[in-house]
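Novice: Pasting in a structure now, in structure tokens, and then I'll have a few things to ask.
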Amino acid sequence: MKLHTLLTGAVMASLVAAPAAADLVLPDLSYRTGPYAAGGIPFSDGYQDYFSLLNARDGGIGGEPVRIVECETGYNTEKGVECYESTKGEGALVYQPLSTGITYQLIPKAEADGIPIHTMGYGRTAVKNGEVFNWAFNFPANYWDAASVIVNYLKDENDGDLNGKNIALVYHNSAYGKEPIPTLESLAESEGFTLDLLAVDHPGQEQTSQWLQIRRSRPDYVLMWGWGVMNQVAIQEAANIRYPMENFIGNWWAGAEHDVTPAGAGANGYKSLNMTKVASDFPVLDDIKTMVHDEGNAAGDGSNVGSVLYIRGMYAAMLAAESIAKAQEIHGESDITPAMMRDGMEALEITEARMAELGMSGIGPEFSVSCENHGGPGMGVMQQWDASSGTWTSLTGFMDSDTSVTDPLVVAASKAYADENGVTAACL
Amino acid sequence: MMNAVADTQASSVGYTTADGRDIGEVILDLRNITLRFGGVEAIKDISFDIQEGEIRAIIGPNGAGKSSMLNVISGFYVPQEGEVWFRGKPRPPLKPYQVAQQGIARTFQNIALFEGMSVLDNVMTGRLGKMRRGILAQALWVGPARKEEVHNREAVERIIDFLEIQAIRKTPVSRLPYGLKKRVELARALAAEPNLLLLDEPMAGMNVEEKEDMSRFILDVNDEFGTTIALIEHDMGVVMDLSDRVVVMDYGRKIGDGTPDVVRNDQVVIDAYLGVSHD
Amino acid sequence: MPASLLYGVEVLINGLMAGVLYALVALGFVLIYKASGIFNYAQGVMALFAAMTLSGIMEGDIPFSHLINAMFGTQLHSFGWNVPAIAAILLTVVVMALLAWLVQRLVFRHLVGQEPIILFMATIGLAYFLEGIGDLMWGSEIRTLDLALPQGASLAIENATAVLGGDDFYGFFIDKLDVVATMVAAILVAALIAFSQYTKYGRAMRAVADDHQAALSVGISLNFIWVLVWTLAGIVALVAGIMWGAKSGVQFSLSLIALKALPVLMLGGFTSIPGAIVGGLIIGMGEQLFEYTIGGPFLGGATENWFAYMLALVVLIFRPQGLFGERIIERV
Amino acid sequence: MLYREAGDFKTSYSLDNQTFPLKLDRIVFYLTLAVAFLVVPLVINDYWASAILVPFLIYAIAAIGLNILTGYCGQVSLGTGGFMAVGAYACYKLMTAFPDVSILLHIVGAGFVTMVVCTVFGLPSLRIKGFYLAVATLAAQFFLVWLFNKVPWFYNNNASGQISAPERTVFGVPLTGPNTEAWAMYLVCLTFCVASAFIARNLTRGSLGRRWMAIRDMDIAAEIIGVNPLTAKLSAFALSGFFVGISGALFFSVYLGAAEVGESFGIDKSFLVLFMIIIGGLGSIFGCFAGAAFLVVLPVVLKFIGVDILGWAPDLVAHLRLVIVGGLIMFFLIKEPHGLAQLWRVMKEKLRLWPFPH
């Protein structure tokens, strides 16, 4: 009978949950359990800590306190849907699903419900086209940008000529891993390099055959689109076959500390793309330590401050906070609705001056969002792992992607989506 | 060849039993059956027949190959040599379920009931050969399927009445005592309305009272439904009382065949049973 | 010799070595199945749990610190000491033995004589339970095992064999970790065999595997034997966890290595230790060779996951009891 | 003595064959149905539909499918996730190839496609038994997932490799796509679920069901009394595939709206559905619902207690949830090895005797 009372309780709770308190609700669909916990934890810590800092330091945004509603998805799509449904009634302003699968489900739902989705460097690449995806954003960059940025970087390395080079792509055998393939294929044609595709099946614990093949064919460069255990194993295997690590480049989901540490010194020199600069001396991090962690309000155990994914989470939070501020400015109201939030995101402008003001100078590129372009500038930074000091160092500034390659792909993909789902492209 | 065989059979075809029942044609004829497992010959060149309406017993010491013989008849074992003739025609090698569809039903030495089902369902499985409604009709439980179910249920209920197991109809068989399980197994075999019923030690492990019940059922089955019965049994008293003709096996060979009286007085049979050495 | 052939040999060798690791996981299954008829779905999670525990002990982490902190508002994280590897391994073995005892005492003792599917189900419950407990005890972040195991290509072998082929052959690649794993597996199997042949408890274990009733009748305590096999399976899990964890770090995915062991079990039979080993080698070799010859060039790669199962399936169709399983005799 | 059977006499065999022989049970059943069809759609909101009821109903269908195969016919399968994927992809291909045909027909069609695939993968069952077969069905699981991922035709060559369900309506009411109302989503799943349970119940109480159970309990004896193991096993695989396919189609088109094969139909799904039928009760239609409810609702309830009432960190609750679900599974098995359905039966038997237990 106890269960019965509990269920009744649940019914009541979900019925009364609808009237939202007068604060800014930001759901955090985190995954601190399951196969990808190692990636989910630092991101979520950074995302939450930044809002906690805003609450502690500025009393929220525009005088309105921020309320984080954390919901554990375990990277599981059904739990993601459950989290979405259980939090959207509280007046959620923007969702950051941090999972390709959950993103794909939420884009149409959120579109119908009128709640913005922000998928920062993951999810459905075509949402860059804001005329088709009115409610979804993926600034500052997407996978196709990433592929193009990496190729541009390699071009720079080779004095602008990749002719006759051989590049291998080791990818997670899933929708996510296959994302860069069309871009790379198109670039291979225009730049004259050859592309080898090596799929790794989930979870990627076992990659002997892929790396033996790389050892045989000795590609000039190996790119990786991996996530979870696949990253650690790939980096270890690359070290095992003594592949030159400086020619091994991961995308931004294959370039965090926990990806390289298990391989120890073998990982030294491994490169990865990032969408933010990584530095442990951003002044904002000191604020977080003193005003959030020392007060006992850290989202996790406080050990992740300054790590790659922590900074990415914090950056995502910053972009959300700036969008909220923009929305408040546009609508002249501090307690904004999801629809206003969307307007704020679409009018977002990030300048170096503002980033410096926020204590994170140079963390990301300067950019602005528009209705036509929900995807931002599509820039990335190349970073390299130094195993002895255990730090990532940025090798470059923010590099451009080749929009002449990626834009047609975005247009084609978003058009296909629009046709399939009967969407008429237009700005709201 | 055909003639020769017919001649040897002719003598016993269509006799009248001591209690006045008329025995008909040969229903099953086993000719020179040899069955080997690896190098071991379980059955060596055995021939005998079973005639319509009779109760035929197969007796012999442990390991004589009696159960193997039944397994050959029900198609579970395929003999390396010899032929099985059924109703005057040589039977091609059939799968056990095809044999069952020809009207041969059986019980097992170690009870082989479906433990996860009730008594009623177990007996109903005996009718499976007679239930032919398609999946669609069954899925929707519409007229024909429902009618078929009820019709077969009636037939099964008659058998349940006949074997006096009405009270345990809905009981899961796993909860039944040994003796009742044997009876349910008989019910399941009878439900198929077989032409030939094979009983593998139907009275093993029973007390005198239960044996008497079972004997009565066997005789009644034979009498009321005219079912031909072949049975294996250890209890000589029961065998001699029940059966019309007896085959005696020992070490895979047939050492005797005939009416109980003949067999009982056969010196070879006596020796085999009493273990008299031939030295 | 042409390079492609030499590389085929290389793939073969590496496949065999991968197979050793599969066999190691499969061994844990076989031990328990043989002695108690339990198909232990939790074997993979046990490997994860053992490796996490080892790493946690070595780094001096306080178990359940997250839970304690949440309940009492404390800030506990670490004892502040480091335990040497050997001591930590021994402590982990003690933990696994304790776990075995608890599992037997609290769960399987109450399920004696149940159908296999129910025992299987209980191990599923156990897998959930252990997964949760492991995370609660040690957290769910990736842990590194610092056991100083050698890793990477063996240069000596590479250089020595490079002469076999032409310019496009670079010598055989053999991972030192795989060599270590193979040796450890060999020692483990030898130890297990010695244990079961020459010690009292080992003989008792074999007796139980042969016939429960008979073993009981000569005064062997079934409960004790079951605790023993669970402990042994725990030790095997620890070794498997260490070997796999050295490659990838200790993390959730370690629990999925059980899936690698299942085709091995099909092939080798659930009851045969030699079967597990040979099965592991065949699967390891088969999937790598298939990927090298057909899967990679013609099917677009990533065929390992299903190929192992398909291979096992095809073998089973011809030998339904597996290569080494006890022959199934049908009786009525 | 509210709940009893005394005085509840049957006068015909077909009455005796009813699913709910007791009048009280029948009343409760029809009341539940009435509430499910008439009341719930009026009060349901997005959260209840998406988080609890729709997944519960869809998993119940999958569990019915697997229970036919495993619980009734005794063939343990770990390929359910793969077969659900077949249903999902078949539904997607049908939806996009024939946009003018009703989505309901597509879902049923997906069931038939899965039926065929499942039957093919059932062929090894004629040789392989027990756990060996269970592991063999994993071959289907891994192969199907690999196939749907590898061959672009299955996802209409789109760049993302994901399939997403376009909007389809029935009588002008959208059943798929983002604009689907909670009640519509719920009703379509409920209808399929009730129909599946109805069909499964009829099949399992009729001659086909007896064939399956005979094979399950003792396959050799079953063959000797006249059950053709080939048709019995394959028919179980076929029907199981039909229901599992329908659940996969609903899972993709109505519930998730978008799916990727590895993530939505991975090996976890196969295990999850198997857990459901074992926890619920093998060989029991009621058990399918009980097991699905246990594994869908319990985590949500635990999360609700932990996070919303006690205010604990979500990750802590997620870990504790595993511990509790695992612990409960073991506890139930020790108390009642035959699943929740049996627990329910025992409770009812006690209730019948109450308050005079002797």
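No lab work stands behind these numbers, since they all come straight from the coordinates. Just so you know, these numbers come straight off a predicted model, no measurement behind them. Backbone-built Cβ (ideal geometry, glycine too); neighbour counts: all protein chains shown.
Novice: For chain C, what number of Lys pairs, 8 or more residues apart or on separate chains, have alpha-carbon atoms under 29 Å from each other?
Specialist: Summing the qualifying lysine pairs gives 5.
Novice: To continue, here is another question. Hey, which aspartates and glutamates would be in cross-link range of residue B:89, C-alpha to C-alpha under 19 Å, not counting anything within fewer than 8 residues on its own chain?
Specialist: Qualifying aspartates and glutamates at Cα under 19 Å: B:7, B:25, B:29, B:49, B:52, B:81.
Novice: Let me ask something additional. Of D:117, A:247, A:412, which is farthest along the charge dipole of the protein assembly as shown in the positive direction, counting Lys and Arg as +1 and Asp and Glu as -1 at C-beta?
Specialist: Value computed over the given set: D:117.
Novice: Assuming R0 = 35 Å, what is the FRET efficiency of residue D:126 and residue C:112, from their Cβ-Cβ distance, to the nearest 0.05?
Specialist: My answer for the efficiency is 0.60.
Novice: While we're here: About the Cα centre, and with charges only on the beta carbon of Lys, Arg (+1) and Asp, Glu (-1), how big is the dipole of chain C? Nearest 20 debye, please.
Specialist: Here the size comes out at about 1140 debye.
Novice: In addition: Shielding by partners for D:272-279, please: the mean number of other protein chain Cβ atoms within 10 Å of each residue's Cβ.
Specialist: Counting Cβ atoms of other protein chains within 10 Å of each residue's Cβ and averaging gives 2.
Novice: Pick from C:178, C:168, C:210: which is most flexible by mean-square fluctuation in a GNM of chain C where alpha carbon atoms under 10 Å apart are linked?
Specialist: Looking only at C:178, C:168, C:210, the largest GNM fluctuation is found for C:168.
Novice: Going by average Cβ neighbours within 10 Å, how do the peptides D:109-115, A:46-52, A:152-158 rank, with the highest at the top?
Specialist: A:46-52, D:109-115, A:152-158
Novice: Continuing with the same structure: Can you tell me the dipole magnitude for the protein assembly as shown around its Cα centre, using point charges on the Cβ only (Lys, Arg +1; Asp, Glu -1), in Debye to the nearest 20?
Specialist: Approximately 4120 debye in magnitude.
Novice: Taking θ = phi - 60°, what integer Hz values does the Karplus form 6.51 cos²θ - 1.76 cosθ + 1.60 yield along the range B:225-238, in sequence order, with x for Gly and Pro?
Specialist: Values per residue, Gly and Pro as x: 9, x, 6, 6, 10, 10, 9, 9, 8, 8, 5, 4, x, 4 Hz.
Novice: For the residue pair residue A:280 and residue B:135, what label-to-label distance in nm results when each label sits 7 Å from Cα along the Cα-to-beta-carbon direction?
Specialist: Result for the modelled spin labels: 6.5 nm.
Novice: Skipping prolines and chain starts, which residues have an amide H placed within reach, meaning under 5 Å, of the one on residue D:78, given they are 5 or more residues away or on another chain?
Specialist: D:137, D:138
Novice: Extending each Cα 7 Å along its Cβ direction at residue B:89 and residue A:412, get the distance between those two points in nm, one decimal.
Specialist: It works out to 6.7 nm between the two label points.
Novice: Viscosity 0.890 mPa s, temperature 25 °C: give me the Stokes-Einstein translational D for chain A in µm²/s, with Rh taken as the Kirkwood radius over C-alpha pairs.
Specialist: Diffusion coefficient, whole number: 111 µm²/s.
Novice: Here's another thing I want to ask about it. Tell me, for chain A, which Cys residues have no other cysteine's C-beta sitting closer than 4.7 Å.
Specialist: Flagged as lacking a Cys partner: nothing.
Novice: Once you have the Kirkwood Rh of the range B:48-176 from its Cα pairs, apply Stokes-Einstein at 37 °C and 0.692 mPa s and quote D in µm²/s.
Specialist: Result for D is 188 µm²/s.
Novice: Here is a further query. Would you please give the residues with an amide H less than 5 Å from that of residue B:256, counting only those at least 5 places away or on a separate chain, with H modeled from the backbone geometry?
Specialist: For residue B:256, the qualifying residues are B:248.
Novice: Continuing with this model, one more query. Percentage of Cα-Cα pair distances in the range A:143-274 greater than 26 Å, rounded to whole percent?
Specialist: Value for the range A:143-274 (Cα pairs over 26 Å): 12 percent.
Novice: Starting from one equal scatterer on each C-alpha and no solvent at all, send me the Debye-based log10 I(q)/I(0) for the range A:322-392 at q = 0.12, 0.13, 0.25 Å⁻¹, two decimals.
Specialist: -0.45, -0.50, -1.10
Novice: Can you run the Rg to Rh ratio on the range D:44-285? Use alpha carbon positions and the Kirkwood inverse-distance Rh.
Specialist: My calculation of the ratio gives 0.98.
Novice: Then there is this: Relative contact order for chain C: what percent, with Cα pairs under 8 Å and sequence separation of 6 or more?
Specialist: Over chain C, the number comes to 34 percent.
Novice: Return the average number of partner chain Cβ atoms within 10 angstrom of each residue Cβ along peptide B:93-102.
Specialist: For this peptide, the per-residue mean of nearby foreign Cβ atoms is 4.
Novice: In addition: Return the Rg/Rh ratio of the range B:103-243 with Cα-based radii and a Kirkwood Rh.
Specialist: That ratio is 1.00, to two decimals.
Novice: While we're here: Could you tell me which of A:190, D:282, D:300 has its Cα farthest along the dipole of the protein assembly as shown towards the positive end, charges placed at Cβ (Lys, Arg +1; Asp, Glu -1), taken about the Cα centre?
Specialist: D:282
Novice: A further question follows. For a quick check: with amide H placed at 1.01 Å from N, whose amide H comes under 5 Å from residue A:95's, ignoring anything fewer than 5 positions away on the same chain?
Specialist: A:117, A:118
Novice: Calculate the radius of gyration of the Cα atoms of the protein assembly as shown to one decimal place, then report Dmax, the largest Cα-Cα distance, as a whole number, both in Å.
Specialist: Looking at the protein assembly as shown, its Cα Rg and Dmax stand at 35.2, 120 Å.
Novice: While we're here: Taking the Cα centre of the range A:288-419 as the origin, how large is its charge dipole in debye, to the nearest 20, when only Lys and Arg (+1) and Asp and Glu (-1) carry charge on their Cβ atoms?
Specialist: 280
Novice: Counting partner chain Cβ atoms within 10 Å of every residue's Cβ in D:300-310, what's the average?
Specialist: Average neighbour count from other chains, rounded to a whole number: 4.
Novice: Please find the FRET efficiency linking residue D:98 to residue C:198, where r is the Cβ-Cβ separation and R0 is fixed at 60 Å, and quote it to the nearest 0.05.
Specialist: 0.25
Novice: Which whole number in µm²/s is D for the range C:3-318 by Stokes-Einstein, with the Kirkwood Rh taken over Cα pairs at 37 °C and 0.692 mPa s?
Specialist: Answer, rounded: 157 µm²/s.
Novice: Treating only the Cα positions of chain B as identical point scatterers, give the base-10 log of I(q)/I(0) from the Debye formula at each q in 0.08, 0.13, 0.17 Å⁻¹.
Specialist: The Debye formula, applied to the Cα set alone, gives -0.35, -0.91, -1.45.
Novice: Still on this model: I need the phi-derived Karplus couplings for the range B:99-110: 6.51 cos²θ - 1.76 cosθ + 1.60, θ = phi - 60°, integer Hz, Gly and Pro marked x.
Specialist: For the range B:99-110, the Karplus-derived couplings read 4, 4, 5, 7, x, 10, 10, 8, 10, 10, 4, 9 Hz, x marking Gly and Pro.
Novice: Pairs of lysines 8 or more apart, or on different chains, with alpha carbons under 15 Å: count those in chain A, would you?
Specialist: 5
Novice: Moving on. Please build a GNM for chain B, connecting alpha carbons under 10 Å apart, and tell me which residue among B:84, B:156, B:99 fluctuates the most.
Specialist: Evaluated over chain B, the most mobile residue of the options is B:99.
Novice: When DSSP assigns beta bridges and you keep just the ones with both residues in the protein assembly as shown, what percent turn out antiparallel, to the nearest 5?
Specialist: 50
Novice: A further question follows. So what J values fall out for the range C:122-130 if you push phi through Karplus, 6.51 cos²θ - 1.76 cosθ + 1.60 with θ = phi - 60°, rounded to Hz, Gly and Pro as x?
Specialist: With the stated coefficients, the range C:122-130 comes to 4, 5, 5, x, 4, 4, 4, 4, 5 Hz.
Novice: Per residue and in cubic angstrom, what volume does the convex hull of the Cα atoms of the range A:300-428 have?
Specialist: Value for the range A:300-428: 172 Å³ per residue.
Novice: With a Förster radius of 30 Å, plug the Cβ-Cβ distance of residue B:236 and residue B:115 into 1/(1 + (r/R0)^6) and report the FRET value to the nearest 0.05.
Specialist: The value I calculate is 0.40.
Novice: Hey, another quick one. Take D:116, A:94 and order them by how many other Cβ atoms sit within 10 Å, fewest up front.
Specialist: D:116, A:94
Novice: When only C-alpha pairs under 8 Å and at least 6 residues apart count, what is the relative contact order of chain D, in percent?
Specialist: 29
Novice: Among B:100, B:136, B:122, whose Cα sits farthest toward the positive end of the charge dipole of chain B (+1 at Cβ of Lys/Arg, -1 at Cβ of Asp/Glu, about the Cα centre)?
Specialist: Farthest towards the positive pole: B:136.
Novice: Right, something else. Calculate the length of the line joining the C-alpha centroid of the range C:157-215 to that of the range D:89-154, in whole Å.
Specialist: Measuring centre to centre over Cα atoms gives 40 Å.
Novice: Which one, A:276, A:337, A:33, has the greatest fluctuation when you compute a Gaussian network model over chain A with C-alpha springs under 10 angstrom?
Specialist: It is A:33.
Novice: What is the spin-label model distance, in nm, from residue B:171 to residue B:208 if the labels are put 7 Å beyond Cα along the C-beta direction?
Specialist: It works out to 2.5 nm between the two label points.
Novice: Just the projected area, averaged over all directions, of the convex hull on the alpha carbon atoms of the range C:226-329: how many nm²?
Specialist: 8.1
Novice: Please list, or write none, the lysines whose alpha carbon is within less than 24 Å of the alpha carbon of residue B:147, excluding same-chain residues fewer than 8 places away.
Specialist: Hits, sequence-local ones excluded: B:130, B:170, D:10, D:23.
Novice: Please work out the Cα center distance from the range C:269-322 to the range D:19-69, rounded to the nearest Å.
Specialist: 43
Novice: For chain A, list the DSSP H helices whose alpha carbon atoms reach 18 Å or more along the long axis and whose average Kyte-Doolittle value is 0.5 or above?
Specialist: The answer, listed by residue number, is A:2-16, A:308-331.
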